[in-house]
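The values are calculated or read from the model by the stated rules, or taken from the named source; none is laboratory data. This one's a predicted model, so the numbers in the text were calculated from it and none came from an experiment. Here Cβ is always computed from backbone atoms with ideal geometry, including for glycine, and neighbour counts include all displayed protein chains.
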C-alpha cells in the first residue's frame, strides 16, 4: 500500500519476465497468501511473509507445505481489501494481524498463491520481481510501484511485455486460475502479437541489457 496523498490507493505497472536476471539471485523473501474473496477485481487477501529464504528453494512446492516449513520465521501477516485495477491504480486497504492467527487461517482455507520476491533498484525506482511457485510456476512478474501514477518509466531489459491492464495476471486471478493451466495460450498470444508497452503513462524508456 502506498501513501503519497492519495489515501488507500496503490499505483503500479507490471511486466512479464521470462528469465530471472542473474544479478537478482540474492536471498529473496517468501510470500504465501490466501484469497477468501476474488471476483471481478474485488479481493480479500491474507498474506504471510518470511523476510529471507534460500533462493534455490523448489519453486514448485505446495504453498501449505512451504508455510508449514517456514512458519516459525514468518515476521508479518497482513489482511488486505482490494478493488479492481483501473489505469494502473487500485484501491487497497491493509492492516497487520497477529502472525499466529494469520498463519493458521492461511493453512485452513482460501485460494492460495506462493511466490519468492526479489527487490532491485532501476534508475530512480524500486522494483520487485516475483517468482511464482505451486500451480503458477514458472511465472515471473516484475512490478514498479510509486506513491503516485507510474509515468515516464525506465523499463528494464528483463521486462518482456506489459501486464498492467491484463486482469489474468493479478494475484487474485492467479489464485483461482493458475498460470500453469493457460501458459501455452499466453505464450501463443505473445508470439502472435509481440511485446507491448502502454503508451498513456508518459514516456517509456526501454533500457538495454547488461
For this session: Select from region 155-165 the residues that are closer than 20 Å to residue 19 by Cβ, surrounded by 15 or more Cβ atoms within 10 Å (Cβ to Cβ) and out of contact with any helix residue (DSSP H, G or I) (no Cβ under 7 Å at 6 or more places or on another chain) and list them in ascending order.
Result: 155, 156, 158, 159, 160, 162
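Only one residue in 204, 176 is surrounded by 12 or more Cβ atoms within 10 Å (Cβ to Cβ) and under 24 Å from residue 87 (Cβ atoms). Which one?
The match here is 204.
For (1) more than 17 Å from residue 122 (Cβ to Cβ); (2) without any contact (Cβ under 8 Å) to a residue 40 or more places away in the chain; (3) in contact with a strand residue (DSSP E or B) (Cβ under 6 Å, 6 or more places away or on another chain), each residue gets a yes or a no:
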site: 133; (1), (2), (3): yes, no, yes
site: 155; (1), (2), (3): no, no, yes
site: 158; (1), (2), (3): no, no, yes
site: 164; (1), (2), (3): no, no, yes
site: 167; (1), (2), (3): yes, no, no
site: 176; (1), (2), (3): yes, no, yes
site: 179; (1), (2), (3): yes, no, no
site: 191; (1), (2), (3): yes, yes, no
Seminar exercise, completed: Taking region 58-102 and keeping residues assigned to a helix (DSSP H, G or I), out of contact with any helix residue (DSSP H, G or I) (no Cβ under 9 Å at 6 or more places or on another chain) and buried (at least 17 other Cβ atoms within 10 Å of the Cβ) leaves 70, 102
Exercise. Can you pull out the residues in region 107-122 that are over 17 Å from residue 14 (Cβ atoms) and touching a residue at least 60 places away in the same chain (Cβ under 8 Å)?
Worked result: 109, 110, 111, 112, 114
Exercise. With respect to residue 191, is the statement that it is farther than 14 Å from residue 138 by Cα and surrounded by 12 or more Cβ atoms within 10 Å (Cβ to Cβ) true?
Worked result: no
For this session: Among residues belonging to region 103-140 that are assigned to a helix (DSSP H, G or I) and closer than 26 Å to residue 180 by Cβ, point out the one that is nearest to the chain's Cα centre (by Cα).
Result: 136
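Give region 34-52 a look and list any residue that's part of a strand (DSSP E or B) and more than 16 Å from residue 69 (Cβ to Cβ), or say none.
Step one: filter region 34-52 for residues part of a strand (DSSP E or B), giving 34-39, 42-50.
Answer for region 34-52, where residues must be part of a strand (DSSP E or B) and more than 16 Å from residue 69 (Cβ to Cβ): 34, 35, 36, 37, 38, 39, 42, 43, 44, 45, 46, 47.
For every residue, the table says whether it meets (1) closer than 30 Å to residue 69 by Cα; (2) modelled with pLDDT of 95 or more.
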| site | (1), (2) |
| --- | --- |
| 111 | yes, yes |
| 117 | yes, no |
| 120 | yes, no |
| 126 | yes, no |
| 137 | yes, no |
| 165 | no, no |
| 184 | no, yes |
| 187 | no, yes |
| 203 | no, no |
Exercise. Quick check: anything in region 156-164 in a loop (DSSP other than H, G, I, E, B), over 26 Å from residue 53 (Cα atoms) and under 14 Å from the mean Cα position of the chain (by Cα)?
Worked result: yes
For this session: Give just the number: which of (1) surrounded by fewer than 19 Cβ atoms within 10 Å (Cβ to Cβ); (2) at pLDDT below 95 does residue 28 not satisfy?
Result: (1)
